[in-house]
1. Need the failing condition index for residue 71 against (1) within 16 Å of the ligand (Cβ to nearest atom); (2) in contact (Cβ under 8 Å) with a residue 12 or more places away in the chain; (3) surrounded by fewer than 22 Cβ atoms within 10 Å (Cβ to Cβ), just the number.
2. Against the conditions (1) more than 10 Å from the ligand (Cβ to nearest atom); (2) within 20 Å of the chain's Cα centre (by Cα); (3) touching a residue at least 40 places away in the same chain (Cβ under 8 Å), where does residue 198 fall short? Just the number, please.
3. Sort through 99, 137, 105, 81 and tell me the only one that's under 19 Å from residue 162 (Cα atoms) and within 15 Å of the chain's Cα centre (by Cα).
4. Quickly run through segment 204-241 and pick out the residues that are free of Cβ contacts under 8 Å to residues at least 40 places away in the same chain and not in a helix (DSSP H, G or I).
5. Only helices (runs of 4 or more DSSP H) wholly contained in segment 90-198 count here; list those with 3 or more residues that are within 21 Å of residue 61 (Cα to Cα).
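Read-outs throughout are calculated quantities, based only on the coordinates presented, and are distinct from any laboratory measurement. These numbers come from a predicted model, not from an experiment. Quick reminder, even Gly has a Cβ in these numbers, built from the backbone with ideal geometry, and neighbours come from all protein chains shown.
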Ligand code: HPA
C-alpha cells in the first residue's frame, strides 16, 4: 500500500516533521499546501493538510482545490488515500468524541469543481459510486482498530454541507430524516474525485461536536470542538500507525 493522508482541521498533529516534497505544478492549479513525506511504523506516507499549512490562513471547505489535491497524490504514486475529517454527530451512532468509518454519503454541497471527467485530462466517464468508500481499505482500518483496541464505529452516512457556516437545527433535522449520521463539509468532492482517478479512498471521521440543535441548551459547538479535537485526532493517529504496522 502506498498511503496518502489528507488531514483536516487540527492537522498539525499529523504533520509534525517530515520532508516537504517538491512538486511540479499540475493542471488544476494550487494544492492546499506542501505534501510531506513522513515515516509511520516504518512506512513512507505522504501527507497534506486539506485546509492549508497550520499557522497560515485556513482554506475554507468550499474553497479547497480538491481537484488539484487529489491529482497531486495520484501523480506521486499514491494508491490508497485516507481522509481524516472532523464532523458533527447527528445520530446515536455518532457520539461526541467517537471515531466513525462511514460507508455512505449524501452530497448537499454545491458549486465546487467536482470532476475531471469530460475535460482535456479525462474523457467523459460515469464512475460507479454505489459504495463511495473503498471496502478493502475500510476493512483494513476496522481490523487495525480492533487490534489496537480503538472504538471505531463501522458504518454511517456522512452528509456533506457547503459551509463554512454551521447548519441550522432544521437542516440537521432534514439530514437526519434523509439518513445522515454525520455532518461535515469536505468528503465531497474528495471521494468522487478519488474514484475518478481509481484511488482507494476512505475517511476516518472524528466526531468533535453534536450537530446543530442536538446539544443541551448552553453547550456551544465551538466549546465542544475544542474539547474533543485533540483526543480524537490522537486516536486517529494511533489508528493509522496500527494500519501500517502490519502492511
Ligand atoms: N457541521 C459541519 N461540519 C462540521 C461540524 C458540524 O457540526 N463539526 C465539524 N465539522
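1. With (1) within 16 Å of the ligand (Cβ to nearest atom); (2) in contact (Cβ under 8 Å) with a residue 12 or more places away in the chain; (3) surrounded by fewer than 22 Cβ atoms within 10 Å (Cβ to Cβ) applied to residue 71, the lone miss is (1).
2. Checking residue 198 against (1) more than 10 Å from the ligand (Cβ to nearest atom); (2) within 20 Å of the chain's Cα centre (by Cα); (3) touching a residue at least 40 places away in the same chain (Cβ under 8 Å), the one that fails is (3).
3. Working: 99 fails: under 19 Å from residue 162 (Cα atoms); 137 fails: under 19 Å from residue 162 (Cα atoms); 81 fails: under 19 Å from residue 162 (Cα atoms).
Answer to the selection: 105.
4. 215, 216, 217, 218, 219, 220
5. Of the helices (runs of 4 or more DSSP H) lying wholly inside segment 90-198, those with at least 3 residues that are within 21 Å of residue 61 (Cα to Cα) span 169-178, 187-196.
Conditions tested, residue by residue: (1) within 10 Å of the ligand (Cβ to nearest atom); (2) touching a strand residue (DSSP E or B) at 6+ places or on another chain (Cβ under 7 Å).
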position: 169; (1), (2): no, no
position: 179; (1), (2): no, yes
position: 191; (1), (2): no, yes
position: 203; (1), (2): no, yes
position: 207; (1), (2): yes, yes
position: 212; (1), (2): yes, no
position: 220; (1), (2): no, no
